[in-house]
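Since the structure comes first, as structure tokens, the remarks are kept for the end.
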Amino acid sequence: MSKSEIKRGQEPLYEVISDILKRNILSGRLPVGLVLIEGPIANLMKTSRAPVQVALRKLHEEELIHRFRGRGYLVGDASADAEPIRQPIDEFQLEIPDQSKSALAVRGTWLRVYDQVEADVAACQVFGEFRLVETELADFLGVSRTVARDVLSRLNERGLIRKGASSHWLAGPLTARVLREKYQLRAIVEPAALLLAADHIEPAEITKVREEIRHGLTRETDAYEAAFQKHCLERAPNAALVEMIRNNRLLLSSVNEALNRLGLPPDRVALDQYQILFDLIGSRQINAAAEYLKEHLRLLADKNLARLKIVALVPEAEAIPRYLSPL
């Protein structure tokens, strides 16, 4: 394998997917107006949805695709005013360069399977405590025990699993106390990061998000949560603080997705709160934004605690993979 191929294989998966989609958009193989949805793209690329989500956000920022009043994105910028084309993406026979195919194949190690395992492990914790067995994980994923061990090590590093008294890998349970503590940590570190990031926030990016909220281009609060993290918190010139925020948010984000999959309604009221937050940041009232963020997180904690109580009435999800054994 050449040095360029090795480098390509180490490229983040979302970059590989983004490059493939971008190539086919620019060539016209993916027509203007085509609806792009995470699931079908993930199936086509044989990956989880997580890197596809990031790839689509990247293309959205480059104005190669745009949000509309439906699910997913439309190919083309918002000015195209094209009618949505709802056609399976695999019917377009995407052009995928050999280098990109090699990159996708190289990711057939723990990097390729990690995203889905991470989502499964985080989501299961709303139902209690679970044990992970290395051999069962390897069998489930169809990989070697070495790859499974790498996955478990990464999960441990990110605080999603831990070693029990008998040296078994354990995940959960997500209790009300754990949830409350994570939001308390958010209320401490995120306003601090916002204040540090004040001089590094790009006004144009904030204006774009404010317009999206104002015109209702998306009703997904997760999108604005991610935008706030990317355009504001991650601009803080303190790498350790940013990493702490990412890791603390990881479980909360995955659990929120799990609750949405169970049919719990999303928090529409939070959209108004995000609009106020981004308006304050956009008008350079950073101190006021930091104070408002604390109140927003307090309310968010209360709402998510209420959602967690509802889960106690829901039967354990059948979709929990077999490598996760309830205790």
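Take the Cα of HIS215, step 7 Å along the line toward its Cβ, and report every residue of the stretch 74-100 whose backbone nitrogen sits under 19 Å from that point.
Within reach of a label on HIS215, which here means backbone N under 19 Å from a point 7 Å along Cα→Cβ, the stretch 74-100 contributes 74-85.
Counting only the backbone N, which residues of the stretch 268-304 are under 19 Å from the spot 7 Å out from the Cα of LEU195 toward its beta-carbon?
Of the residues in the stretch 268-304, 277-278, 280-298 have backbone N under 19 Å from the label point off LEU195.
Separation of the stretch 127-193 and the stretch 275-299 by C-alpha centroid, Å?
Rounded to whole Å, the Cα centres lie 31 Å apart.
Starting from the Cα gyration tensor of the stretch 147-297, take the square roots of the eigenvalues, sort them a ≥ b ≥ c, and report rounded, prolate or oblate (rounded when a/c is under 1.5, otherwise prolate if a/b is larger than b/c, else oblate).
It comes out prolate by the Cα gyration axes.
For the chain, taking Cα atoms only, what is the radius of gyration to one decimal and the Dmax to the nearest whole Å?
Expressed in Å, the Cα Rg and Dmax of the chain come to 20.5, 60.
Please list the non-local residues whose amide H lies under 5 Å from the amide H of ILE161, H modeled 1.01 Å from N, same-chain partners needing a gap of 5 or more.
ASN156
Would you tally the net charge around HIS200, using a Cβ to Cβ cut-off of less than 10 Å, leaving HIS200 out, and scoring K and R as +1, D and E as -1?
Taking every Cβ under 10 Å from that of HIS200, the sum is -2.
Excluding HIS66 itself, calculate the net charge of residues whose Cβ lies under 14 Å from the Cβ of HIS66, where each Lys or Arg counts +1 and each Asp or Glu counts -1. Numbers along the way, then the final one.
Working: positive: ARG57, LYS58, ARG67, ARG69, ARG71, LYS208; negative: GLU61, GLU62, GLU63, ASP77, ASP81, GLU83, GLU211, GLU212.
Taking every Cβ under 14 Å from that of HIS66, the sum is -2.
Given the DSSP H assignment, sum -39500 (n - 2.57) over each helix run of at least 4 residues in the chain and divide by its residue total; what's the result at 222 nm in deg cm²/dmol, nearest 500?
One gets -19500 deg cm²/dmol as the mean residue ellipticity at 222 nm.
Write down the accessible area per residue of the chain in Å², having rolled a 1.4 Å probe over the full set of protein chains.
Each residue of the chain exposes 50 Å² on average to a 1.4 Å probe.
Using a 1.4 Å probe on the protein heavy atoms, what percent of the accessible area of the chain belongs to carbon and sulfur?
On the way: 8460 of 16490 Å².
Solvent-exposed carbon and sulfur of the chain make up 51 percent of the total.
Once both labels are modelled 7 Å past Cα along the beta-carbon direction, what's the ILE310-ALA288 spacing in nm?
Each label point is offset 7 Å from its Cα along the Cβ direction, giving 3.3 nm.
Can you spot the aspartates and glutamates whose alpha carbon is less than 15 Å from LYS294's alpha carbon? Ignore those fewer than 8 places along the same chain.
Result set, ordered by chain and number: GLU181, GLU190, GLU225, ASP302.
If you build a Gaussian network model of the chain, linking Cα atoms that sit under 10 Å apart, which residue out of LEU26, LEU56, LEU185 swings the most?
Highest fluctuation among the options: LEU26.
Quick one: compute the contact order of the stretch 123-262, relative version, from alpha carbon pairs under 8 angstrom and 6+ residues apart, as a percent. Let's see the in-between values first.
Details: 115 pairs, mean separation 39.4, N = 140.
Answer for the stretch 123-262 is 28 percent.
Distance cut-off 28 Å, Cα to Cα: go down the list LYS182/LYS309; LYS22/LYS208; LYS46/LYS309; LYS163/LYS230; LYS163/LYS303 and report the pairs above it.
LYS46/LYS309; LYS163/LYS230; LYS163/LYS303
The values are calculated or read from the model by the stated rules, or taken from the named source; none is laboratory data. Bear in mind that the values here come from a model prediction, so they are computed numbers and not experimental data. Backbone-built Cβ (ideal geometry, glycine too); neighbour counts: all protein chains shown. These area figures cover heavy atoms from the full protein model, side chains too; ligands, DNA and RNA do not enter into them. Shrake-Rupley method; radii C 1.70, N 1.55, O 1.52, S 1.80 Å.
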